[in-house]
Amino acid sequence: MPMTQSQIERKLRQHDNEIVAIYDLLTEHSTTLAEHTATLAEHTTILTEHSVTLAEHTATLAEHGTALAEIQGTLGDHGTMLTEILRRLPEQS
C-alpha cells in the first residue's frame, strides 16, 4: 500500500531529525576527541620533561659513582700508607 502525503512528510521529518541527531553526536565526539588530543599532548610534554629529568639524575648518579670510586681508591691508598707508617714506628712498651 502506497504511503500518503502526510506519511511521507512525517517520515521525512523523522529522517531529518535523525540526521540532525547524528550530526549532534558527531559534533560531541569531535569535541571530546579534541579535548583528549589536547590532554594527550600535555601528558606527552610532561613525560618528555620527566625523561629529561631522569636522564639528568642518571648522569649525576654516574658522576657520584665515579667520585665514590675515586674516594675508595684514595682511602685504600691512605690505608696502605698508614699501615706502612705504623710498621715503621718503634714499638712502645
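The values are calculated or read from the model by the stated rules, or taken from the named source; none is laboratory data. The model shown is predicted, which means the values in this text are computed figures rather than measured ones. All Cβ positions, even for glycine, are placed from backbone atoms using ideal geometry, and neighbour counts span all protein chains on display.
Side notes on the structure shown:
- Residues in the stretch 1-19 that are of a type outside the set (D, E) and either touching a residue at least 60 places away in the same chain (Cβ under 8 Å) or surrounded by 10 or more Cβ atoms within 10 Å (Cβ to Cβ) (or both): M3, Q7, I8, R10, K11, L12, R13, Q14, H15, N17, I19.
- Number of residues in the stretch 57-93 that are hydroxyl-bearing (S, T, Y) and within 38 Å of the chain's Cα centre (by Cα) equals 3.
Results for (1) polar (S, T, N, Q); (2) in a helix (DSSP H, G or I); (3) at pLDDT 95 or above, shown as yes or no for each residue.
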position: L40; (1), (2), (3): no, yes, yes
position: T44; (1), (2), (3): yes, yes, yes
position: E49; (1), (2), (3): no, yes, yes
position: T60; (1), (2), (3): yes, yes, yes
position: E91; (1), (2), (3): no, no, no
